[in-house]
Amino acid sequence: MTALVPLIVCLPLLGAAITLMLGQRRRLQVLVSVLSLTAATVMSAVLLGFVDTVGPAVVQVGGWDAPWGIVLVVDRLSAIMLLISALMLLGVLLFAVGQGIVDGDSEAPVSIFHPTYLVLAAGLFNAFVAGDLFTMYVGFEMLLSASYVLLTLGGTGARIRVGITYIVVSLISSLLFLSAIALVYGATGTVTLALIAERMPDLPADIQLILGLLLLIAFGVKAAVFPMSFWLPDSYPTAPAPVTAVFAGLLTKVGVYAILRTQTLFFPDDQFSMPLMIVAALTMLVGILGALAQADIKRLLSFTLVSHIGYMLFGIAIGTPLAIAATIFYVVHHITVQTTLFLAAGLIDRVGGTTSLSRLGGLLKSAPLVAILFFLGALNLGGIPPFSGFLGKIALFQAGTIVGDPIMYVLIGVGALTSLLTLYALARAWNLAFWRPKKQVKDYTSSISASLVEDPQDEGTVLTKTVSPLMVGATASMLILTLGLTVFAGPIFDLTTRAAGNISSPSTYIDAVFPNGTGSIKDSNVGTNFEGGSK
Amino acid sequence: MSASLTLVILMAVMYAAGVYVMLERSLTRVLIGFLLVGNATNLLIFIMSGRPGSSPIVTGTSVEDMVDPVPQVLMLTAIVINFGISALLLALIYRSWWLAQLGDEGDTLTDEHTAESAEEADDAFRSSSDDDHAIAESIDEFERGDGTTSDEDAATGADNRAGSADAGGRADASARDERDQR
């Protein structure tokens, strides 16, 4: 069963190679990529079942035991992330295929799209199964390289311009991550997560602080945490709709996953709790205030994406098992709902001809199905009961009140306010785009649209395109998935609670990787740095 | 932990210079900055292997004399990744330059024109003065400059040839072209 762990990374890569060779034969390409992602979904579901009943799956690649070789570890958290991202990738792929069929593949060079998309999938899976920091770095680089290509697909002026900002920001965060790995290796003599987790508490507090902060900043850029979030709302909306959806749903969550993993493993004593709280509050507030000013639905959604990263950071900052469970649940919820909303925005773009609220109108009549998709997604993101967004936030707030510090109540207040403002921003979008009659769009004046700022890239055009049933179907099935998260919230929350139990103490993870204990791994003469002298 | 002071100083200088160059507007300089910082990071990894020693893995070396092989492996991977990313960046910079000079129209030129513009592209890379010349010529020739951008491009072309994708008029032009293509 553990053979599935490397296979889930290799299969999409193999698919990428095959689709690259099938460049001219689009139908076969589609078949191969849909098949490999379906297989990845099935494998991750099987892995989740296996891991949940038997325990973490550990693979020593090439038979080299950790910490000398590469080690892949799938515990419940990894398996949950694998399953949800595989499902999202598959859904978005179907949407992209639907869009490609309608457009006759004229806009995007699809011969490149499928291989790159599969490499992105492989990179994501690799980052989730990585049992050492460096493999995680390689996974990050795989998915980032693929994302560079996907973001600049077609090579138009606007995409190149925002693409370069995105690439330079990502490169700097990657270099920071690499520097952090070097310093962690220097301090602990290993890059294996489990061994670092064991050795980290023995390091002097100041060195722990430097390592922790470097890792936090590196992952924070990827997760779009407040001071490092400026790049996201500019770069994501310019990409093709399916690409934006998969970026919004998954790429930032890899950063969140990495923060969650390193914080719980390396720094279980909550040294970073207070800075994380402050950053979480600022991320929520600044993100949502940005969203309030946007006239463009895609930009609005990008800002809410930044804002809601704050909730996950809040959960990580609390650090209790309940809070971690709530965070994992929130991550799963947010991945699905954000992907759904971006796909719905892609549909709006096609039926309404634009995503600018100042030119959209009457969509409730002309596209009732899209209206329902957007409406339910918006309610869910806004945290209206009984949806999963509400349940996730309640769980987070409950975890906060149990700890009961004054700062927790501040954070809960900020969280509730953010939720309210999210609802306001999305309800306004709904009012203007769907509820407002088409004929009122021209010369429309209202206080609710007075403060809206247009997207700087906006060309002021209205260009409607046809929508294929496959696109609507893919978006609808995403929505059904988010509703499923609501209906089956009980069992899913039990699962995330078990996952949190796995990671809330590092010893479980360490025991899984080193079943015979780490006593036999003596500090080799090499790599043992700082030589304990400064302890 | 023992480390060579020379390497540490070299790394620090490379980091500093790299970050400084990265802050420039021109994309080619950003690329150079990225290469410098990337290699400084590689040096940092290398420094983390601690004291010097003889080659690892080779038979006949005693374990005590070996240098730590792990940082070298990490470095090798990082170098390969940096190489790939640099190639991608170069392609993007070229594309950005291309769009700045010709707009999206560059993609739809007839064969005859493509040959000419490719020649000019070669010229432009030869030296910065040639570059200015080629830019001015290509702009005149295709009558792209509607009075707002040609001067600016010609003046800043040498320094800023990749970064000039930012120039507002060009952006509008390429946006318009993108629309036309649809």
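The values are calculated or read from the model by the stated rules, or taken from the named source; none is laboratory data. This structure is a prediction, so every number in the text was calculated from the model and none was measured. A quick note on method: Cβ atoms are made from the backbone with ideal geometry, for glycine too, and the neighbour counts reach across all protein chains shown.
Quick check, is A:ILE164 crowded, with 23+ Cβ neighbours inside 10 Å, among the β-branched types (Val, Ile, Thr) and at pLDDT below 90? Judged against the criteria, A:ILE164 is a match. Restricted to region B:58-76, and to residues there that are over 36 Å from the mean Cα position of the chain (by Cα) and either within 8 Å of another protein chain (Cβ to nearest Cβ) or in contact (Cβ under 8 Å) with a residue 12 or more places away in the chain (or both), the residue that is surrounded by the most Cβ atoms within 10 Å (Cβ to Cβ) is B:MET66.
Could you grab me the full set of residues in region A:274-324 that are among the β-branched types (Val, Ile, Thr) and more than 14 Å from A:GLY400 (Cβ to Cβ)? Across region A:274-324, the qualifying residues are A:ILE278, A:VAL279, A:THR283, A:VAL286, A:ILE288, A:ILE297, A:THR304, A:VAL306, A:ILE309. Of the helices (runs of 4 or more DSSP H) that lie entirely inside region A:282-390, those containing 3 or more residues that are surrounded by 23 or more Cβ atoms within 10 Å (Cβ to Cβ) and polar (S, T, N, Q) span A:297-318, A:321-352. Across region A:135-180, the qualifying residues are those that are more than 7 Å from chain B (Cβ to nearest Cβ) and assigned to a loop (DSSP other than H, G, I, E, B), and the one among them that is farthest from A:SER229 (Cα to Cα) is A:GLY154. Selection over region A:114-154 of residues that are of a type outside the set (A, V, I, L, M) and surrounded by fewer than 24 Cβ atoms within 10 Å (Cβ to Cβ) gives a count of 7. The residue that is nearest to the chain's Cα centre (by Cα), among those in region A:181-194 that are in a helix (DSSP H, G or I), of a type in the set (A, V, I, L, M) and within 8 Å of chain B (Cβ to nearest Cβ), is A:ILE181.
Residue count for region A:1-41, restricted to those that are part of a helix (DSSP H, G or I) and more than 23 Å from A:PHE113 (Cα to Cα): 3.
The set of residues from region A:44-60 being surrounded by 16 or more Cβ atoms within 10 Å (Cβ to Cβ), in a helix (DSSP H, G or I) and out of contact with any helix residue (DSSP H, G or I) (no Cβ under 7 Å at 6 or more places or on another chain) comprises just one member, A:PHE50. Out of A:LEU87, A:LEU35, A:LEU83, A:LEU14, I need the residue that is touching a Ser or Thr at 6+ places or on another chain (Cβ under 8 Å) and surrounded by fewer than 16 Cβ atoms within 10 Å (Cβ to Cβ). Which one? Within the list A:LEU87, A:LEU35, A:LEU83, A:LEU14, the selection yields A:LEU14.
Scanning region B:1-38 for residues that are under 20 Å from A:VAL169 (Cβ atoms) and polar (S, T, N, Q) yields B:SER26, B:THR28. Say whether the condition of being touching a Ser or Thr at 6+ places or on another chain (Cβ under 6 Å) and part of a helix (DSSP H, G or I) is met by at least one residue in region A:444-465. No, region A:444-465 contains no residue that is touching a Ser or Thr at 6+ places or on another chain (Cβ under 6 Å) and part of a helix (DSSP H, G or I). Looking only at residues in region B:1-46 that are in contact (Cβ under 8 Å) with a residue 60 or more places away in the chain and outside any helix (DSSP H, G or I), the one that is surrounded by the most Cβ atoms within 10 Å (Cβ to Cβ) is B:SER26.
When A:ALA127 is tested against the conditions (1) closer than 28 Å to A:ALA500 by Cα; (2) touching a residue at least 40 places away in the same chain (Cβ under 8 Å); (3) within 12 Å of another protein chain (Cβ to nearest Cβ), the lone failure is (3). Against the numbered list (1) touching a Ser or Thr at 6+ places or on another chain (Cβ under 9 Å); (2) over 22 Å from A:THR252 (Cβ atoms); (3) among the polar types (S, T, N, Q), A:SER44 comes up short only at (2). Only residues that are without any contact (Cβ under 8 Å) to a residue 60 or more places away in the chain and over 30 Å from A:ILE101 (Cα atoms) were counted in region A:471-499, giving 5. Hey, does region A:217-228 have a residue that's of a type in the set (Gly, Ala, Ser) and either part of a loop (DSSP other than H, G, I, E, B) or surrounded by fewer than 22 Cβ atoms within 10 Å (Cβ to Cβ) (or both)? Within region A:217-228 (the criterion being of a type in the set (Gly, Ala, Ser) and either part of a loop (DSSP other than H, G, I, E, B) or surrounded by fewer than 22 Cβ atoms within 10 Å (Cβ to Cβ) (or both)), the answer is yes, since at least one residue qualifies.
Quick check: is even one residue across region A:243-259 of a type outside the set (Phe, Trp, Tyr), within 14 Å of chain B (Cβ to nearest Cβ) and crowded, with 23+ Cβ neighbours inside 10 Å? Within region A:243-259, none of the residues are of a type outside the set (Phe, Trp, Tyr), within 14 Å of chain B (Cβ to nearest Cβ) and crowded, with 23+ Cβ neighbours inside 10 Å.
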